[in-house]
Amino acid sequence: MKSYRKELWFDIKGRRAFVHITPAVQTCLKESAVRESLVLVNAMHITPSVFINDDEHGLHQDHEVWLEKLATHAPVSHCHHKRTGEDNADAHIKCQVMGREVVVAVTDGKHDFGP
Amino acid sequence: MKSYRKELWFDIKGRRAFVHITPAVQTCLKESAVRESLVLVNAMHITPSVFINDDEHGLHQDHEVWLEKLATHAPVSHCHHKRTGEDNADAHIKCQVMGREVVVAVTDGKHDFGP
Amino acid sequence: MKSYRKELWFDIKGRRAFVHITPAVQTCLKESAVRESLVLVNAMHITPSVFINDDEHGLHQDHEVWLEKLATHAPVSHCHHKRTGEDNADAHIKCQVMGREVVVAVTDGKHDFGP
């Protein structure tokens, strides 16, 4: 079975950002020359998330507000995880909700996302 | 590597419904003649969800109540996404929680779901 | 295509526990002799969850507190699912949030998790 692996690196400003990675993954698909398969796209850390949704700024803001309400960052003093010296228990939980990975069908060499 | 792809279309009434698609996917597995593999079942839009759980009406009602509390539809005026003319930011978020896709093992030509 | 399937069984005390299964899955990978592929690790029931995150006790406590707030067990009388004689609608919902399955790349015979 043919396989292809590539690491993509992203630098972001601030504690959280939305990065549109679909074009980068599409380039990987071209490089791989795979026509029919599955592509797994996952974060290599446990606080970022890879997910599929509308790349629309207003929706990103809605996600930001919703996630912060769902798993609030402050006060860090309430988090047991802080004993490790980290202050990002909320980021671990937000990542859990948004998902670490996506699996997408590759059809005729392209993401098979639908319309 | 052998692959098989099929689109399933569903019409639902109202803004949200639970559709039991396992029999339809099972039919696809038979058609594919695949014996040992993985099947990816994903929504082709970004507001529906594909997930695995008990097909029990009471549980569906519990999910409805819980999802509406978690990401309320009204008032739409609070959503940034509405600037696009859409009123479904909550549906995008509900989909995120419930999951866009499932990956299931195929063993001896059948879903390997467990009991 | 080569495939490998193994069932892992776990007994836990109480209604909920965190079990670190990575070493057990790693042993499966060795037994399979697969070098480059995808491994699917999923729960065979619909209330447990398989997820990838920091195996850190404080973070587990944070997850416990957060999950109980998000989908409270009591009072069971509020749940429609209880008509089936079950009192675990909250566990179905918690499982939905935490995720039933993970798909991980296998590279050179090992989980490709990142640092």
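Observations
- Gaussian network model of chain C, Cα within-10 Å springs - most flexible of C:S32, C:S77, C:S49: C:S77
- Rg followed by Dmax, in Å, when segment A:1-51 is reduced to its Cα trace: 12.6, 41
- Seen from B:V106, the other residues with C-beta closer than 13 Å to its C-beta sum to a net charge of +1, counting Lys and Arg as +1 and Asp and Glu as -1.
- Nearest-10 value in Å² for the accessible area of A:E64, using the 1.4 Å probe: 50
- Placing a label point 7 Å from Cα along the Cα-to-Cβ direction at A:K6 gives distances to the equivalent points in the other copies of 3.3, 3.3 nm, listed shortest first.
- For A:R15, net neighbour charge (Lys/Arg +1, Asp/Glu -1) across residues whose Cβ lies under 12 Å away: -1
- The protein assembly as shown: proportion of alpha-carbon pairs further apart than 24 angstrom, %: 59
- Segment A:24-66 gives an Rg/Rh value of 1.08, both radii derived from C-alpha positions and Rh following Kirkwood.
- log₁₀ of I(q)/I(0) at q = 0.12, 0.20, 0.23 Å⁻¹ - chain A, Debye sum with one point per alpha carbon: -0.53, -1.14, -1.37
- Relative contact order (%) - criterion: Cα under 8 Å, at least six apart; region: chain B: 38
- Residue-averaged 222 nm ellipticity for the protein assembly as shown, from DSSP H runs of 4+ at -39500 (n - 2.57), nearest 500: -9500 deg cm²/dmol
- Exceeding the 32 Å Cα-Cα cut-off - candidates A:K6/B:K6; A:K2/B:K6; B:K110/C:K110; B:K30/C:K13; A:K13/A:K110; B:K6/B:K69: B:K30/C:K13; B:K6/B:K69
- Placing a label point 7 Å from Cα along the Cα-to-Cβ direction at B:A33 gives distances to the equivalent points in the other copies of 2.8, 2.8 nm, listed shortest first.
- Degrees separating the helix A:22-32 axis from the principal Cα axis of chain A, which is the longest one: 40
- Ascending list, in nanometres, of distances separating the C:A74 label from those of the other copies (7 Å, Cα toward Cβ): 3.4, 3.4
The values are calculated or read from the model by the stated rules, or taken from the named source; none is laboratory data. It should be emphasised that the depicted structure is a prediction, and the values quoted were computed from it without experimental measurement. Cβ coordinates were reconstructed from backbone atoms using ideal geometry, including for glycine residues, and neighbour counts include every protein chain displayed. With ligands, DNA and RNA removed, areas are computed over all heavy atoms of the protein, side chains included. Shrake-Rupley method; radii C 1.70, N 1.55, O 1.52, S 1.80 Å.
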